[in-house]
1. Can you name the number of the only condition in (1) of a type outside the set (Val, Ile, Thr); (2) surrounded by fewer than 11 Cβ atoms within 10 Å (Cβ to Cβ); (3) within 16 Å of the chain's Cα centre (by Cα) that residue 13 fails?
2. Please go through the stretch 29-45 and give me each residue that is assigned to a loop (DSSP other than H, G, I, E, B) and either surrounded by fewer than 10 Cβ atoms within 10 Å (Cβ to Cβ) or in contact (Cβ under 8 Å) with a residue 60 or more places away in the chain (or both), ordered by number.
3. In the stretch 9-28, which residue that is of a type in the set (A, V, I, L, M, F, W, C) and part of a helix (DSSP H, G or I) is modelled with the lowest pLDDT?
Amino acid sequence: MSMSLEIMKSYLCLSTSHKIWSALSKAFHDRSDELLVFSLHQKAFTTKQNGRPLSL
C-alpha cells in the first residue's frame with residue numbers, strides 16, 4: 001500500500017518481489033545519489049564499536 005494504484009498496476013504482472021523491486025529501481029533511480037550511497041557504504045565498513053568493526 002505504499003505506492004499509487006496507477007504505478008502498482010504496471011508491476012503486478014511480475015512474478016516475484018525481487019523482480020518488482022528491480023523494475024522499480026530501474027524506473028525511478030536517477031543516479032543523483034550514488035555519491036551519498038558510496039559514502040554511506042564507506043562509513044558502514046569503517047565504523048567501529050569498542051575497537052571492533054561493525055561489518056563483521
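1. Against the list (1) of a type outside the set (Val, Ile, Thr); (2) surrounded by fewer than 11 Cβ atoms within 10 Å (Cβ to Cβ); (3) within 16 Å of the chain's Cα centre (by Cα), residue 13 comes up short only on (3).
2. 30, 31, 32
3. Keep residues of the stretch 9-28 that are of a type in the set (A, V, I, L, M, F, W, C), which gives 12-14, 20-21, 23-24, 27-28.
Applying the additional criterion that residues be part of a helix (DSSP H, G or I) yields 20-21, 23-24, 27-28.
Numbers: 20: 88, 21: 86, 23: 89, 24: 86, 27: 83, 28: 80.
Per the criteria, the residue is 28.
The values are calculated or read from the model by the stated rules, or taken from the named source; none is laboratory data. Keep in mind that what you see is a predicted model, and the values were worked out from it rather than measured. A quick note on method: Cβ atoms are made from the backbone with ideal geometry, for glycine too, and the neighbour counts reach across all protein chains shown.
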